[in-house]
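The structure's right below; bear with me while I get my questions together.
All of the numbers you see were taken from the coordinates with simple rules; none came from a lab. Given the structure is predicted, the values throughout are model-derived calculations rather than measurements. Using ideal geometry, Cβ is built from the backbone for each residue, glycine included, and neighbour counts are taken over all protein chains shown.
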């Protein structure tokens, strides 16, 4: 599964290699039309790009999607939509296990806190963001000015349009764009296959190929209680994906680090990635034990476990890239070339020559408090909904009382609607799962900071980590949305146990947050922006920026590859391969619907396929279209060889993995008999 990379590492960009092959997560307003025409003989038009943009959507659950009918039908991955599927499930109606099909719009199930966005407009606002910033200004002060300008522009845009407005940092601060989105927050589940077929092969097959997953789901956007009438949507190909054809992938790749300096990559390799891998491994192991205790535990832990296992496996691939001597040599060579070009020009040397020393300095600074910052502020109590709710409630009144430009980013005017949607979600909270997540975090606090650390001592208060976790969960009423709304304006008056816990951390968390902003983020923004300027001056401004979970378009070919063992790997799998891989034991067990349909399916139908599309976490759910703009598939993963593309694009064995459109249609027709959906899709 490809999901956004919410990295615990530095997300900094600096030097990349020249673009080659089908490389590129391209901005829609900087698409390389001439290069595409030279290679494929295809002329892409403004209307093609505009239609693709207005048909593509971003899911705030961490992925991409598209409109596929005039009545607001949304197409994405099952694993992108799993958050909603999980939240609308109950012990009695487990839609993750059994699947879901709404036979009418009246049966479509409301997702409690899902938001989807359509990109309406892009405006470059670099000068406005840098307004008031001077060359002599210390980086921390310059960063505060930029943050205030961001908050102001986003707020003004939101108030003027009623839409969501985000300032996006591109080219490491060399450019800032304002993205205006139409948003929908009434989103309902229409169809989801059983998890056993959507994620067939489970964690063992994740990030591999050949694959056999029906990883898609359908939702519908509503507005004012009625299905949205969409002027733009993607029609389905009647023939489906074909070997060797030109395709386009339109989606929202998460953050990449292709322009990171060597010092930053070494920080990830030696500090942030090993730390994250350890956190994820221990939490996954604990969730597996918890889920093995009884079927209900397994059900309620399923979504969190899948997310943790996916993140762990993705990071193992990232770390493999960082430990790859050839990849690091290429990164060092690229940085050496850039630094030499700067040094050879006295004017550029005077302006840019000290940047790499500045980067090394703030990376060293970050090493000193990275672990404590991660534990207390950046990613505390992973997997605990109650802790996250309490953390936001504790700061809500304080932050919103400040001028908009002085608030933490999560509490600016532009950010509040999304925060409120999450904060007041009716999604269920499971106390026993909360205890597991909280205990694992407290154990890590003890391990990394020591039981005698003042904060750890206050958290434990004489209890064991298990007893402390049970205390904080049992004494909290924050599972009740009405209680959250009651506390939001006066949280300090609360005696809620989870509120007590976050108050123990708040002062130190804020201190670390400020240290990060002033000593790391500010220096990062200053140095990275100047490296971007140096690159523009030397190489021109024709490169694509690192991914930012904003809309990009990649172009590619559908094609297989030769694996490391010298074996030819075909471009597509089919249903015959699915049944051959079935063992009857999880995660290679098929649901009953698929066992029953075996004799009826056209089993040579293309099912999953690969391409050399340049994609990354966040591209999950991206529509895959042919040169006519028709759906021929949906991206859901990449192979293990492609994970180091986080840092450097290569396409020898590196592939993106898609569900073929003809496999989806055959499944809807033969396995699920979903006639209403097929008719809406034009079949």
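Grab every C-alpha pair in segment 73-158, bin the distances at 10 angstrom width from 0 up to the longest one, and report whole percents.
Taking all Cα pairs of segment 73-158, the binned fractions are 13, 29, 15, 18, 17, 7, 1 percent.
Work out how much length residue 586 to residue 453 would gain on full extension: take 0.36 nm times their residue separation and subtract the Cα-Cα distance, in nm to one decimal.
Fully extending the segment from residue 586 to residue 453 adds 43.6 nm.
Now for a different question. Neighbour counts of other C-beta atoms within 10 Å: give me 58, 650, 600 arranged from fewest to most. Display every interim value, and only then the final one.
Numbers: 58 25, 650 19, 600 11.
Listed from fewest to most nearby Cβ atoms, that is 600, 650, 58.
Distances longer than 16 Å among the Cα atoms of segment 292-402: what percent of all pairs is that?
Result for the distance tail: 79 percent.
Using the beta-carbon distance between residue 285 and residue 160 and R0 = 41 Å, what value does 1/(1 + (r/R0)^6) give for FRET efficiency, to the nearest 0.05?
For residue 285 and residue 160, the calculated efficiency is 0.25.
Counting only the backbone N, which residues of segment 578-617 are under 17 Å from the spot 7 Å out from the Cα of residue 653 toward its beta-carbon?
Inside the label zone: 610-612.
Return 452, 285 ranked ascending by Cβ neighbour count within 10 Å, so the fewest neighbours appear first. Spell out each step's value before the answer.
Numbers: 452 8, 285 12.
Fewest-to-most Cβ neighbours within 10 Å comes out as 452, 285.
I've got another one for you. Under a point spin-label approximation (7 Å from Cα along Cα-to-Cβ), what is the residue 324-residue 71 distance to one decimal in nm?
Calculated label separation equals 4.7 nm.
log10 I(q)/I(0), Debye, Cα-only segment 262-539, no solvent, q = 0.13 Å⁻¹?
Each listed q maps to, in turn, -1.01.
How high is the FRET efficiency from residue 493 to residue 336, r the C-beta distance, R0 45 Å, rounded to 0.05?
Step by step, r from the Cβ atoms, then E = 0.15.
With label points built 7 Å along Cα→Cβ from the Cα atoms of residue 596 and residue 511, find their separation and express it in nm.
Those two pseudo-labels are separated by 6.3 nm.
Show me the ranking of peptides 454-461, 45-52 by mean Cβ neighbours inside 10 Å, starting with the highest.
Per-residue mean Cβ counts within 10 Å order the peptides as 454-461, 45-52.
Find how much the distance from residue 243 to residue 576 grows on full extension, using 0.36 nm per residue of separation minus their present alpha carbon separation; answer in nm with one decimal.
Stretched fully, the residue 243-residue 576 segment lengthens by 118.1 nm.
Can you bin segment 483-534 into rounded, prolate or oblate? Criterion: square roots of the alpha carbon gyration tensor eigenvalues sorted a ≥ b ≥ c, rounded for a/c under 1.5, prolate for a/b above b/c, oblate for the rest.
Because a/c hits 1.5 or more and a/b exceeds b/c, segment 483-534 counts as prolate.
Here's a follow-up. Quick one: what do you get for segment 114-261 if you divide its Cα Rg by 2.2 N^0.38 Å?
Working: Rg = 21.0 Å, N = 148, 2.2 N^0.38 = 14.7 Å.
So the Cα radius of gyration is 1.43 times the expected 2.2 N^0.38 Å.
Can you give me the relative contact order of segment 367-519 as a percent, contacts being Cα pairs under 8 Å and 6 or more apart?
So the answer I get is 35 percent.
Note down the relative contact order for the chain as a percent, whole number, built from C-alpha pairs under 8 angstrom at least six residues apart.
26
May I pose another question? Quick one: order 348, 489 by neighbouring beta-carbon count within 10 Å, fewest to most.
489, 348
For the chain, max minus min Cα coordinate along each principal axis, in Å, sorted largest first?
That works out to 69, 64, 53 Å along the principal axes.
So, by mean Cβ neighbours within 10 angstrom, what's the order for 545-553, 495-503 with the highest one leading?
545-553, 495-503
While we're on this one: How far, in nm, would the chain grow between residue 97 and residue 224 when pulled straight, counting 0.36 nm per residue and subtracting the alpha carbon separation? Walk me through the numbers on the way to the answer.
On the way: separation 127, 0.36 × 127 = 45.72 nm, distance 3.14 nm.
The span from residue 97 to residue 224 would gain 42.6 nm if fully extended.
Based on DSSP H runs of at least 4 residues, each adding -39500 (n - 2.57), what is the mean residue ellipticity at 222 nm of the chain after dividing by all its residues, to the nearest 500 deg cm²/dmol?
About -13000 deg cm²/dmol.
With label points built 7 Å along Cα→Cβ from the Cα atoms of residue 126 and residue 485, find their separation and express it in nm.
4.6
Also: With a cut-off of 8 Å between alpha carbons and a minimum separation of six or more residues, what is the relative contact order of segment 262-539 in percent?
Dividing the mean separation by the residue count of segment 262-539 yields 24 percent.
Which of the three applies to segment 386-480, rounded, prolate or oblate, going by the alpha-carbon gyration tensor with a ≥ b ≥ c and a/c under 1.5 meaning rounded?
Verdict is oblate for segment 386-480.
Need one word for segment 14-83: rounded, prolate or oblate. Basis is the Cα gyration tensor (sqrt eigenvalues a ≥ b ≥ c); a/c below 1.5 gives rounded, then a/b vs b/c decides.
Working: a/c = 2.77, a/b = 1.51, b/c = 1.83.
Because a/c hits 1.5 or more and a/b fails to exceed b/c, segment 14-83 counts as oblate.
Can you bin every Cα-Cα distance in segment 426-531 into 10 Å intervals starting at zero and give me the percent of pairs per bin, rounded to whole numbers?
Answer for segment 426-531: a P(r) of 13, 34, 30, 17, 6, 0 percent.
Here's another thing I want to ask about it. Go from 0 up to the bin containing the longest alpha carbon distance in segment 550-683, width 10 Å each, and give me the % of pairs per bin.
The calculated distribution, bin by bin, is 11, 36, 35, 16, 1.
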